[in-house]
1. Over the alpha-carbon set of the range 72-173, divide Rg by the Kirkwood Rh and report the Rg/Rh ratio to two decimals.
2. Run through the range 68-173 and list the trypsin sites (Lys or Arg not before Pro) located in a DSSP loop whose Cβ has at most 12 other Cβ atoms within 10 Å.
3. Using a 1.4 angstrom probe, figure out how much accessible area the range 41-146 has per residue, in square angstrom, rounded to the nearest whole.
4. Relative contact order of the range 68-173, please, whole-number percent, based on alpha carbon pairs below 8 angstrom and at least 6 residues apart.
5. Stretched out fully, how many nm does the piece from D82 to D65 gain, at 0.36 nm a residue minus the Cα gap?
6. Got a number for carbon plus sulfur as a percent of the range 101-167's accessible area, 1.4 Å probe?
7. In sequence order, what are the phi-derived ³J(HN,Hα) couplings for the range 60-74 according to the Karplus relation 6.51 cos²θ - 1.76 cosθ + 1.60 with θ = phi - 60°, rounded to whole Hz, with x for glycine and proline?
8. Through the Karplus equation 6.51 cos²θ - 1.76 cosθ + 1.60, θ set to phi - 60°, convert the phi angles of the range 133-141 into ³J(HN,Hα) values in whole Hz; use x for Gly and Pro.
Amino acid sequence: MSKIERQGLTRRALLARSAAAGALVVTGAGFLAAPDAAWAMEVSVISEHQMATLIQMARDIYPHDRIADQFYAIAVKGYDADDKKALVEEGVAALDAAAQAAGHADYISMGWEEDRVSILQAMEDSGFFQTVRGGLVTGLYNQKDVWPIFGYEGESFSKGGYIERGFDDINWL
């Protein structure tokens, strides 16, 4: 066992992390990558910080431990647009200001979900919150890759309907 492995970091993990860090340096600004480098997205209109804040906000509004951040990123990708820029700038600034008033650097750096949710509850009547929350309903739950996580098989019309496909086998009711 090498010294690196004894410290909790395998050689494979070290190489993977250094490759991910190198990729971020090469791509430059306007590129948002997950900490585990499993997904990445480019932003062109809003900043990386604003997109990361939107992703965290989406996760706080509709928290699902089994759904990866990439699906939340897909759900809020539409806010990286010219017509949404002002809304996002003002909304993220309000989130960050509330976090700073609570003694944190910004919304993302708040470690406890409970603290972030209290900020969201205080601003739930704002246009920004309502727009993002409403967009998440379809943006997150209409992704076909998310459906199996919830046990939803999709529409049944093309498969003959629900009656012949286990309509009466609901065991939790």
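1. 1.14
2. Loop-located and lightly packed - K144, R165.
3. 51 Å²
4. So the answer I get is 27 percent.
5. Extra length available between D82 and D65 comes to 3.0 nm.
6. Carbon with sulfur: 56 percent of the solvent-accessible area.
7. Each residue of the range 60-74 in turn: 6, 6, 10, x, 9, 5, 8, 9, 6, 4, 4, 6, 5, 4, 4 Hz.
8. These are the phi-based 3J(HN,Hα) values: 4, x, x, 5, 4, 8, x, 8, 7 Hz.
The values are calculated or read from the model by the stated rules, or taken from the named source; none is laboratory data. A quick note: this is a predicted structure, and the numbers were derived from the prediction, not measured. Because the Cβ atoms are built from the backbone with ideal geometry, glycine has one as well, and the counts that use them run over all protein chains shown. Protein only, heavy atoms only, side chains kept; ligands, DNA and RNA dropped before computing areas. Shrake-Rupley method; radii C 1.70, N 1.55, O 1.52, S 1.80 Å.
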